[in-house]
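Values quoted throughout were computed directly from the atomic coordinates according to the rules given, and no laboratory measurement underlies them. Everything numeric here is computed off the predicted structure, so don't read it as measured data. Here Cβ is always computed from backbone atoms with ideal geometry, including for glycine, and neighbour counts include all displayed protein chains.
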Amino acid sequence: MSQGVRTRPEGSGQPLSEAYDTALLDLDGVVYAGGNAIAHAVGSLERARGGGMRLAYVTNNALRTPDTVAQHLTELGIPTGPDDVITSAQAVARLISEQVPEGARVLVVGGEGLRVALRERGLTPVESADDDPAAVVQGFGGPELSWGRFAEASYAVARGVPWFASNTDLTIPSGRGIAPGNGAAVEVVRIATGAEPQVAGKPLPPMHRETILRTGAERPLVVGDRLDTDIEGAFNGEVDSLLVLTGVTDGAQLLAAPPRHRPTYVDADLRGLLTGQPEVTGDGDGFRCGGWRARAGADALELAGDGEPLDGLRALCAAAWTAAGDGTCGLDGGKALARLGL
């Protein structure tokens, strides 16, 4: 990753699948949404893998086991083994195992993915605050998770039992829209207890450590749709990142991104793995990418030219990020984005 504050998306003269040895792919909003493959994902991943790139699927969703995720991906047409899947449940289980005795009881508020990961680390999942747990762990439990589970966690945490969370994503994409994520559930226990959990998932270091330990990646590329988890996680791990616009991030959020949320590359979808990335150049008259020129005006970002909309977005990023420096760009980009259809 380039050092210092990123002021523009980078270019690449070779396909990203050749420039990096391993793609660390988020799932929800990148590969699938609501269980269905996102357009171009299956074919793009097949070609990237066929060209020699290792594919690893890195998800903050702790509900499903790696076996279940691998089976789902295989059914979508993406042949995957459980060793290719890294979850925040695995990351938080390792974190807990480093702080409690082997075989210790852990109160679980979440799904089967957490229970399997805890057993993998030699820990014993339990269901009640009265089971004398050495730790409490929360992970996404899906829509069937009952309110009483939050009460059990709150009782234990209020007694001083160490509290862990797989991740704190406030939302999760679904086939019907955006739904509350594990971060919303964590807030329930935080409100009840006033405590703060240790968090393992993206964008924090335990998740990146788990991913590197399990994949052995030497030149990884993080691929995600969320600025505050995927891209910030890459920033914290000092590795490069590709933001795809198939999930929760829109053009306005990208233009306003502070340094830790600025991706190395920006593309529409996973086809971006198979191509080089156009260079963004700058001079006293603004920033150019393809047929577009962008500059920071007095009150708004200005865009001129024509061509591929993504090139215009890349040029706008350069103008916005340069104007913002190590802060957040407050210039209005609405008119420019509207011209790009973004």
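Express in nm, to one decimal, how much length is gained between ARG209 and ASP67 on full extension, taking 0.36 nm for each residue of separation and deducting their alpha carbon distance.
Details: separation 142, 0.36 × 142 = 51.12 nm, distance 2.08 nm.
Roughly 49.0 nm would be gained on extension.
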Note the direction-averaged projected area, equal to a quarter of the hull surface, for the Cα convex hull of the stretch 152-248, in nm².
-> 7.4 nm²
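Expressed as a whole percent, how much of the Cα-Cα distance distribution for the chain exceeds 24 Å? All intermediate terms of the calculation are to be shown ahead of the outcome.
Working: 32546 of 58311 pairs.
Beyond 24 Å sits 56 percent of the P(r) for the chain.
Please work out whether the stretch 1-108 counts as rounded, prolate or oblate from its C-alpha gyration tensor, where a ≥ b ≥ c are the square roots of the eigenvalues and a/c under 1.5 means rounded, while otherwise a/b larger than b/c means prolate and anything else oblate? Kindly include the intermediate steps, with their values, before the conclusion.
Numbers: a/c = 2.28, a/b = 1.40, b/c = 1.64.
Judged from the Cα gyration tensor, the stretch 1-108 comes out oblate (a/c at least 1.5, b/c at or above a/b).
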Expressed in angstrom and ordered largest first, the alpha-carbon extents of the stretch 258-342 along the principal axes are 37, 29, 24
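Rounded to the nearest 0.05, what FRET efficiency is calculated for ARG271 and GLN14 with R0 set to 22 Å and r the Cβ-Cβ distance? Write down the numbers at each step before the final one.
Values: r = 15 Å, r/R0 = 0.69.
The pair ARG271/GLN14 has a calculated efficiency of 0.90.
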Once you wrap a convex hull around the alpha carbon atoms of the stretch 88-199, what is its projected area averaged over all directions, in nm²?
-> 6.3 nm²
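Expressed as a rounded percentage, what relative contact order does the chain have, with Cα pairs under 8 Å and six or more residues apart? Intermediate values should be presented prior to the final figure.
Details: 764 pairs, mean separation 71.0, N = 342.
Here the relative contact order equals 21 percent.
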Using all Cα-Cα distances in the stretch 199-342, what percent lands in each 10 angstrom bin from 0 up to the longest?
-> 12, 41, 33, 12, 2
Between the stretch 56-129 and the stretch 200-216, how many Å separate their Cα centres?
-> 13 Å
When you take every Cα atom in the stretch 79-124, what is the radius of gyration, and what is Dmax, the widest Cα pair distance, in Å?
-> 11.0, 37
